[in-house]
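Taken together, the values in this text are just the output of simple stated rules run on the coordinates, not laboratory data. Computed from a prediction, not measured in an experiment: that's the story for all the values here. Note that each Cβ is placed from the backbone with ideal geometry, even for glycine, and that neighbours are counted across all protein chains shown.
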Amino acid sequence: MKYDIRIPVWLIAFCVFVFVGIIFQQLYGRKTPIDIWGLKLNQPKSLSNKVIQSDYFPIGADSSGWTLNKEDPSMPNFGNYRSIKQHIKFPEPFPSDCKPHVHAAIYKLDATPGGTSQEGYNIRVSIDVTNEDILGFDALINTWVASKITSIGISWLAYCGE
């Protein structure tokens, strides 16, 4: 069997135009490093003065002092604020001449919404990063009203530099 496949010249030209446009947009449209088929473009000139570390940690009801899955009946619903603090050590200490900047995010959540129709049936959770130093930081996990957090996973990224 012989197939006679003909691709119009205008379609080939259009595809080349789009491909070149994407390359130029990647090069000049943003300043993030990119890697196209092994060709490294927009790479930072030097990372020697910056240190980056990241990791994740799960925490939940089996941890000591966990109160995020219980309501305090003595508190009115909108004041029922519960927190737990977890200290995180960096895998490697940062250099002594830098103050690490830490960003944290939720990567998994096992929670039950709570509340009344007046309060809304919502899952309420927040994460705060405090006490950053060259050895680690504290992650403060909060919930309020009738939300019940059974477990949560936090991922974090810490860097030294501007």
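A simple packing score, the average count of other Cβ atoms within 10 Å per residue, orders the peptides 132-140, 92-100 as 132-140, 92-100, with the highest score first.
The amide H of Phe90, built 1.01 Å from its N in the peptide plane, has Gly136, Phe137 as neighbours under 5 Å, considering only residues 5 or more places off or on other chains.
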